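Here the structure is laid out as structure tokens; the discussion comes afterwards.
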Amino acid sequence: MAGSDDARKFYARLIAAQARAADPRIEQVFASVPREAFLGPGPWTVFAGDGRIETPSTDPSFIYQNVLVVLDADKGINNGEPLLHAMWLGKVEPKPGEHVTHIGAGTGYYTALLSKLVEPGGGVTAFELEAGLAARAKANLARYGNIEVIHGDAVTSALPPSDVIYVNAGVVAPPAAWLKALKPGGRMIFPWRPSETVGLAVLVTRLEAGFACLPFMGSWFIPCVGASMVGSGSRIPTRERAARTRSIWLTADKAPNGTATAVFGDVWFSSRQIGTDRKR
């Protein structure tokens, strides 16, 4: 549909501009991947304010806006807001030739965008725990030659060595295995949800001296199964302390000290900036 193509191109331009995307490829991938191909047959249900609205018809133009689209109402699973993802993609900077691990792929829309950003030469391993969504993602992404979809638990499964780990489910802390899966210079972006009142998007970068950490915006995702429960002995941060976090450490490598902003089992968060002893 010519009208839908025009709507998608305008949507891509608008989203990239609102995200202040420095990389022109972000607009290009939003313009090239049809969102409706990952949502199931329309009409679609979108969120607006505190309620839901059904699109007037199956015209894809209606979903080329910055809206959440319902995928599984009973489980609260949605195709997330494009603007948030454009901002995240700009932060994590997937590059041609890199390997991305996508955790919580849903039906594959943002997996497809990631796959295009690492072309040529790169690839994506996409994990989805829900069987129905994983099956849909496999079907939706079948024509993308650089994506492997795994119906499995990314918390208990071995992750491949990754330049980028892109997490779309809230965790109290990233499992130690995720941090170890990052290659030198690798980046992980995830929704940090250490309590019901704290929700932050966090960018982690693996440096020679450790894992630098930058909370950069508010963010709320559904909880990640297996990584969203607070264990005994944990130190839960206030939002203010969480926002001051500048590094993440493995307790096996370094015991929590006075700079700790949060502690969760084998991972702890610190106000210390990598390369300094200064508290923030």
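The values are calculated or read from the model by the stated rules, or taken from the named source; none is laboratory data. Just so it is clear, the model here is predicted, and its values are computed rather than measured. Here the Cβ positions follow ideal geometry from the backbone for every residue, glycine too, while neighbour counts run over all protein chains shown.
In the stretch 72-119, what residues are within 18 Å of Gly49 (Cα to Cα) and either part of a strand (DSSP E or B) or in contact with a Pro (Cβ under 6 Å, 6 or more places away or on another chain) (or both)?
Of everything in the stretch 72-119, those that are within 18 Å of Gly49 (Cα to Cα) and either part of a strand (DSSP E or B) or in contact with a Pro (Cβ under 6 Å, 6 or more places away or on another chain) (or both) turn out to be Ile77, Asn78, Asn79.
Please determine, by comparing only the residues of the stretch 142-171 that are touching a Ser or Thr at 6+ places or on another chain (Cβ under 6 Å) and in a loop (DSSP other than H, G, I, E, B), which one is nearest to Pro96 (Cα to Cα).
Among residues in the stretch 142-171 that are touching a Ser or Thr at 6+ places or on another chain (Cβ under 6 Å) and in a loop (DSSP other than H, G, I, E, B), the one nearest to Pro96 (Cα to Cα) is Asn146.
One line per residue, one yes/no per condition, for (1) of a type in the set (Asp, Glu); (2) modelled with pLDDT of 95 or more; (3) over 21 Å from Asn79 (Cα atoms):
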site	(1), (2), (3)
Thr197	no, no, yes
Pro223	no, no, no
Ile248	no, yes, yes
Trp268	no, yes, yes
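Would you check if Val202 is in contact (Cβ under 8 Å) with a residue 24 or more places away in the chain, under 16 Å from Ala227 (Cα atoms), in contact with a strand residue (DSSP E or B) (Cβ under 9 Å, 6 or more places away or on another chain) and in a strand (DSSP E or B)?
yes
Restricting attention to the stretch 203-229, and to residues there that are aliphatic (A, V, I, L, M) and closer than 24 Å to Gly152 by Cβ, which single residue is surrounded by the fewest Cβ atoms within 10 Å (Cβ to Cβ)?
This residue is Met229.
Of the numbered conditions (1) surrounded by fewer than 23 Cβ atoms within 10 Å (Cβ to Cβ); (2) in contact (Cβ under 8 Å) with a residue 40 or more places away in the chain; (3) under 12 Å from the mean Cα position of the chain (by Cα), Leu114 satisfies every one except a single condition; which is it?
Status for Leu114: all satisfied but (1).
If I filter the stretch 2-33 down to residues being touching a helix residue (DSSP H, G or I) at 6+ places or on another chain (Cβ under 7 Å) and in a loop (DSSP other than H, G, I, E, B), which single residue comes out as nearest to Thr55 (Cα to Cα)?
That would be Val33.
Any residue in the stretch 222-239 that's without any contact (Cβ under 8 Å) to a residue 12 or more places away in the chain: show its pairings with residues that are surrounded by 15 or more Cβ atoms within 10 Å (Cβ to Cβ) and assigned to a loop (DSSP other than H, G, I, E, B) at Cβ separation under 6 Å, as long as the two are six or more apart or on different chains.
none
Just the residues that are assigned to a loop (DSSP other than H, G, I, E, B) and either under 20 Å from the mean Cα position of the chain (by Cα) or buried (at least 18 other Cβ atoms within 10 Å of the Cβ) (or both), please, taken from the stretch 37-54.
Of everything in the stretch 37-54, those that are assigned to a loop (DSSP other than H, G, I, E, B) and either under 20 Å from the mean Cα position of the chain (by Cα) or buried (at least 18 other Cβ atoms within 10 Å of the Cβ) (or both) turn out to be Leu39, Trp44.
Of the conditions (1) modelled with pLDDT under 95; (2) surrounded by 14 or more Cβ atoms within 10 Å (Cβ to Cβ); (3) assigned to a helix (DSSP H, G or I), Val67 satisfies every one except a single condition; which number is it?
For Val67, the exception is condition (3).
Check Asp74, Asp153 and return the single one that is surrounded by fewer than 20 Cβ atoms within 10 Å (Cβ to Cβ), touching a residue at least 60 places away in the same chain (Cβ under 8 Å) and among the acidic types (Asp, Glu).
The conditions single out Asp153.
Among the residues of the stretch 1-36, write down those that are surrounded by fewer than 14 Cβ atoms within 10 Å (Cβ to Cβ), among the small types (Gly, Ala, Ser) and without any contact (Cβ under 8 Å) to a residue 40 or more places away in the chain.
Once the filter is applied, which keeps residues that are surrounded by fewer than 14 Cβ atoms within 10 Å (Cβ to Cβ), among the small types (Gly, Ala, Ser) and without any contact (Cβ under 8 Å) to a residue 40 or more places away in the chain, the stretch 1-36 yields Ala2, Ala17.
Taking the stretch 83-111, which residues are more than 23 Å from Leu68 (Cβ to Cβ) and more than 13 Å from the chain's Cα centre (by Cα)?
Passing the criteria: Lys95, Pro96, Gly97, Glu98, His99.
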